[in-house]
1. Quick one: go through region 49-64 and flag any residue whose amide nitrogen is under 11 Å from the point 7 Å out along the Cα-to-Cβ line of THR23.
2. So I have [x] 30, 21, 16; [y] 25, 22, 16; [z] 36, 21, 15, and one of them is semi-axes √(5λ) of the Cα gyration tensor in Å calculated from this model. Which one is it?
3. What residue among GLN94, THR110, PRO5 has its Cα farthest toward the positive end of the dipole of region 1-119, where the charges are +1 on Lys, Arg and -1 on Asp, Glu, each on the Cβ?
4. Determine, for the chain, the count of lysine pairs separated by eight or more sequence positions (or lying on different chains) whose alpha-carbon distance falls under 15 Å.
5. Using a 10 angstrom cutoff on alpha carbons, build the Gaussian network for the chain and name the most mobile of ILE67, ILE222, ILE172.
6. Placing +1 on the Cβ of each Lys and Arg and -1 on the Cβ of each Asp and Glu in the chain, which of ALA24, ALA46, ALA146 has its Cα farthest towards the positive end of the resulting dipole?
7. Dipole of the chain, Cα-centred, from +1 at each Lys and Arg C-beta and -1 at each Asp and Glu C-beta, to the nearest 20 debye?
8. Each label point is 7 Å from the Cα along the Cα-to-Cβ direction; what then is the distance between the points at THR221 and SER197, in nm?
Amino acid sequence: MSKAPIAVALDAPDLATAREWATAVAPHVQVVKVGLEVFLRDGHDAVHVAREASGCDIFLDVKLHDIPATVAGAAHAVAKLAPKYLTVHASGGQDMVKAAVEALPETYVTAVTILTSLSQDQLAAMGWNGSAQDIVKRLAAQSVAAGARAIVCSPQEVAAVRAEVGPETVLITPGVRPAGSDAGDQKRIATPEQALSDGANLLVIGRPITAAANIAEAAATIASNIAKWPYQS
């Protein structure tokens with residue numbers, strides 16, 4: 001069976017645990033994700049360990065957000081790590097996204113639209129006008145126009161974003177929870193099957209896998225469930 005379109009979030013407390021998790025999920029998933037906390041704590045070693053233990057593509061999820069020159073410099077600073085995906089905040093604007101794209105032309109610069117931890121009421125309190133879906137669509141379209149090759153959006157917006165940006169852009173969805181799982185701090189969620197049906201290319205899944213008693217078994221089960229759906233090749 002081919003590996004599932006899942007990026008497992010290696011939000012581990014130390015490098016040894018990250019190595020164990022990466023090794024456990026490697027037979028079942030396409031991507032492993034190194035997030036901001038782990039990268040700030042362990043630096044480049046976190047990426048090296050994730051890659052060596054899994055052999056999977058690397059998703060470096062540091063959500064860069066600064067003036068274009070600073071983001072370009074930060075992107076150059078991780079170039080040797082050769083991540084397949086590198087996240088920037090779409091709300092940093094088109095010039096900032098473009099700076100990251102020009103700095104790392106071989107990487108899928110991935111624009112994060114609206115965090116899945118934010119509800120509609122919270123967005124309104126922050127001064128964002130319109131529905132979450134409308135905001136996400138605008139940010140996605142602007143980011144793709146600036147050269148981003150991937151977009152992060154919640155499962156609840158993925159169908160609308162797919163219609164907005166077309167088939168070529170990779171859509172990555174956090175906030176994915178298998179049926180019956182605890183939502184945790186995620187507000188806008190869906191099951192893996194629903195997210196893929198709506199047009200997602202890659203699912204970010206963390207705790208439903210890494211908090212399981214048997215991590216390899218949890219990854220295998222989710223991957224197997226996805227493979228049963230008719231939209232999977």
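Any read-out appearing in this document is the output of simple, stated calculations on the displayed coordinates, not a laboratory observation. What you are looking at is a predicted structure, and each value in this text was computed from that prediction instead of being measured. Cβ atoms come from the backbone with ideal geometry, glycine included; neighbour counts cover every protein chain shown.
1. Zone members listed by number: 53-54.
2. For semi-axes √(5λ) of the Cα gyration tensor in Å, the calculated option is [y].
3. The listed residue farthest towards the positive side: PRO5.
4. On the way: LYS3/LYS228; LYS33/LYS63; LYS33/LYS84; LYS63/LYS84; LYS63/LYS98.
Pairs that pass both the separation and distance tests number 5.
5. Of the options given, ILE67 has the highest mean-square fluctuation.
6. ALA146
7. Values: 18 positive and 23 negative charges, 61 e Å.
It comes to approximately 300 debye.
8. Distance between label points: 2.1 nm.
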